[in-house]
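Structure record follows, encoded as structure tokens.
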Amino acid sequence: GAKVWARDYIYYPASTLTMATSPVSESKRSEVGELRSLLRSPEVQRDPRRYLQAVQKVIACMTLGIDVSKLFSEMIMAGATQDPVQKKLVYLYLSNYAESNSELALLTVNTLQKDGQDRNPMVRGLALRSMCSLRIPNVLEYLREPLQAGLADRSAYVRKIAVLGIVKIFYIAPDFISELNLVDVLYQMLRDKDPQVVCNCISALNEILSEEGGMVVNTKIAHYLLNRLRDFSEWGQCQLLELLLRFHPSSEDEVFDIMPGGVSTNLRRAHSLRDMESPYRQHTKRKMVSGSRIGNRQAESARGSP
């Protein structure tokens, strides 16, 4: 039969190598088949705990590098649950395999849109993050309303995910960002009451506008961010200060204008006093001048004497 050349320069029959590798592939196929049977079992579906365990086994196989993409339809059905943990695992699976199963991924849009209107902000955020992570151009038309709703959501968690979702969409379809004027929306959201949302907006603008030098900082933005500096965490403060290094005031007055009231007043006073001389300093200066004149006269008279 056919022979294969091995690394140690010994001929091995091809049938021997096939027999050596086939049990591994067969075990994987059998494992995927068992998982399919578990996910389709009515008894498992009626038991939330067993159903969650079956989904966890699928994710475990996925993380080990086993191809479980053939379970796509079963995992879509598993996503129709009220358990947020199971939803999160299913969304993780869909985000990983949606690009290779674009036609089946469209079937999840209705479920994701429905979850995007859930009462629980965690579910709304997970659904929006999954939709933005599908990396399928055909899904963009269904993303318009959920994304805009997420940017204006009452929950800061959902708004944070919506801002980061803009960056994900930017790498798929940059025209979609300009079509919805999302860059202007991000600039407006710098005034969000949640500091983490503001930090995400700064990161998103720097990413989207990287070819233009990043986010533009004018006087109003610099003044606003400096006044809110205490609201941010240490990481957020570092991010703001790094951003403000790009700001170059056009005049000295503008430097004082962007500072907090007490600091700017004190610095203005110190700056004005720097050019003022105290009466004592003026008196000392006059004495030094007069003393130097007397010394000069004495030196001239000494040179003139024989």
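The values are calculated or read from the model by the stated rules, or taken from the named source; none is laboratory data. Small disclaimer: the values here were computed from a predicted structure and weren't measured. Methodologically, a virtual Cβ is constructed for each residue, glycine included, from the backbone with ideal geometry; neighbour enumeration extends over all protein chains shown. To get the accessible areas, we keep the full protein, side chains included, count just its heavy atoms, and leave off ligands, DNA and RNA. Shrake-Rupley method; radii C 1.70, N 1.55, O 1.52, S 1.80 Å.
Brief remarks follow.
- Residue in the range 163-171 that is modelled with pLDDT under 95 and farther than 23 Å from Gly236 by Cβ present: yes
- Test result for Tyr171, over 19 Å from the mean Cα position of the chain (by Cα), open to solvent by 10 Å² or more (accessible area, probe 1.4 Å) and not small (Gly, Ala, Ser): no
- Among the residues making up the range 127-139, those that are open to solvent by 20 Å² or more (accessible area, probe 1.4 Å) and part of a helix (DSSP H, G or I) are Arg129, Pro137, Asn138.
- Residue check for Asp231: acidic (Asp, Glu), under 30 Å from Arg119 (Cβ atoms), in contact (Cβ under 8 Å) with a residue 24 or more places away in the chain and open to solvent by 40 Å² or more (accessible area, probe 1.4 Å): yes
- Qualifying residue in the range 209-217 (condition: part of a helix (DSSP H, G or I) and open to solvent by less than 50 Å² (accessible area, probe 1.4 Å)): no
- Listed by position, the helices (runs of 4 or more DSSP H) contained in the range 35-119 that have at least 2 residues being exposed (fewer than 13 other Cβ atoms within 10 Å of the Cβ) and at pLDDT 90 or above are 42-46, 48-63.
- Residue in the range 136-154 that is more than 24 Å from Lys88 (Cα to Cα) and modelled with pLDDT under 95 present: no
- Arg191 vs. criteria more than 18 Å from the chain's Cα centre (by Cα), within 25 Å of Asn227 (Cα to Cα) and surrounded by fewer than 16 Cβ atoms within 10 Å (Cβ to Cβ): no
One line per residue, one yes/no per condition, for (1) more than 22 Å from Tyr171 (Cβ to Cβ); (2) at pLDDT below 90:
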| residue | (1), (2) |
| --- | --- |
| Pro195 | yes, no |
| Cys199 | no, no |
| Asn218 | yes, yes |
| His223 | yes, yes |
| Asp231 | yes, no |
| Glu234 | yes, no |
| Leu240 | yes, no |
